[in-house]
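A quick write-up on the structure given underneath.
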Amino acid sequence: MSQCLTVPATDHTLEDCHLMMYAHQLHLPMASGIVEFRKLNKKLGVNFDKMKTLLNKFSTITKKTEHITLQQFSDYLDLPVSDALYEVFYLYDRDGSNSIDFREYLIGLSLISEPANNDATIQMTFKLFDSENKGYISEPQLNQILHTAFDMHAVDIKNIFQQIDTDDSGHITFSEFKAYAQKKPELARLFLAYQTKTTREEDEAETETEDMTAQTISPIDTTSTSTSSNSIVIGPRTRLKGKIE
């Protein structure tokens, strides 16, 4: 048919048309809904209803524009722009345009954030905050990690704490933390990056301590006809991207 009409053939389907119309309803540019539904559905397993849900979320982040900027990504996650946030943003930004369109957002969530946002990751992250193993996270504990990891101010951390602490109990339970993490799966990669950085720093500190301890202290006896003394000799210190065209 495309040859008869002398127009190029594309991999777009009726679902793409429906997504375009839904984008229009959300006051987004209609082109936002063009994602090559069949291809993404086959490779990512994302069905039409989930795409509509994510398109709605996308419109909230972009404030009804066609692309997510770094600042909008930062505002959505309630985190300041930092090296860690920058790295995650550019995992989504597949074409290096300094912005994320809806197709890139779909792929980023499916290949980068959601696989990392599993129960094991959430539990490890919760334990990272719950350093005293009390079964909950206090505001000072949240403050310590977020300030260290993202250089956040106390007032911004308090805002996040209040969002997670849905029952206003003054502390965050695991179920509250998990619900928040599932609501914003983009956070998973950030917390994993921080956890990896923390583990690496701890390993380096431990290695340095062992290295200093391993310095050889060897006594050498020197005997003379009149005296005997010991001399101490200290030895020497010994962009993940799933390929979807």
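Approximating the spin labels as points 7 Å out from Cα along Cα→Cβ, the residue 39-to-residue 69 distance works out to 2.9 nm. The alpha-carbon of residue 39 sits under 17 angstrom from the alpha-carbons of these lysines, leaving out residues fewer than 8 places away in its chain: 50, 52, 241, 243. With the full set of protein chains in place, find how many percent of the accessible area of region 142-184 is carbon and sulfur; take the probe as 1.4 Å. After summing per-atom areas, the C and S share lands at 49 percent. Computed extension gain for residue 162 through residue 210, at 0.36 nm per residue and net of the alpha carbon distance, reaches 13.1 nm. Put a dot 7 Å past the Cα of residue 21, heading toward its Cβ, do the same for residue 118, and the two dots end up 3.9 nm apart. Each Lys and Arg adds +1 at its Cβ and each Asp and Glu adds -1 at its Cβ; summed about the Cα centre, region 85-136 shows a dipole of about 140 debye. R0 = 51 Å: FRET efficiency of residue 127 with residue 47, Cβ-based, nearest 0.05? Using R0 = 51 Å, I get an efficiency of 0.90.
Does region 96-161 come out rounded, prolate or oblate, given a ≥ b ≥ c as the square roots of the eigenvalues of its C-alpha gyration tensor, rounded meaning a/c under 1.5 and, failing that, prolate meaning a/b above b/c? Judged from the Cα gyration tensor, region 96-161 comes out oblate (a/c at least 1.5, b/c at or above a/b).
Taking a ≥ b ≥ c as the square roots of the Cα gyration tensor eigenvalues, with a/c under 1.5 meaning rounded and otherwise prolate when a/b beats b/c, else oblate, which class fits region 144-197? Oblate shape, in that a/c is at least 1.5 and b/c is the bigger or equal ratio. In this structure, the pairs whose alpha-carbon distance is over 31 Å, taken from 43/158; 43/134; 43/183; 63/178, are 43/158; 43/134. Label sites at residue 98 and residue 202, each approximated as a point 7 angstrom past Cα along Cα to Cβ, lie 3.9 nm apart. Ranked from largest, the principal axis spans of the Cα set of region 15-83 equal 36, 26, 15 Å. For residue 132, the accessible surface of its heavy atoms amounts to roughly 110 Å² (probe 1.4 Å, protein chains only, rounded to the nearest 10).
For region 77-218, the gyration tensor built on C-alpha atoms gives an oblate shape. Its axis ratio a/c (a ≥ b ≥ c) is at least 1.5, and a/b is not larger than b/c.
Computed from phi, the 3J(HN,Hα) profile of region 52-62 under the Karplus parametrisation 6.51, -1.76, 1.60 (θ = phi - 60°) reads 4, 4, 6, 5, 4, 5, 4, 5, 5, 5, 7 Hz, with x in place of Gly and Pro.
The values are calculated or read from the model by the stated rules, or taken from the named source; none is laboratory data. This is a predicted model, so every value here is computed, not measured. FYI the Cβ positions are ideal-geometry reconstructions off the backbone, even for glycines, and counts take in every protein chain you see. The area values use the complete protein model at the heavy-atom level, side chains included, leaving out ligands, DNA and RNA. Shrake-Rupley method; radii C 1.70, N 1.55, O 1.52, S 1.80 Å.
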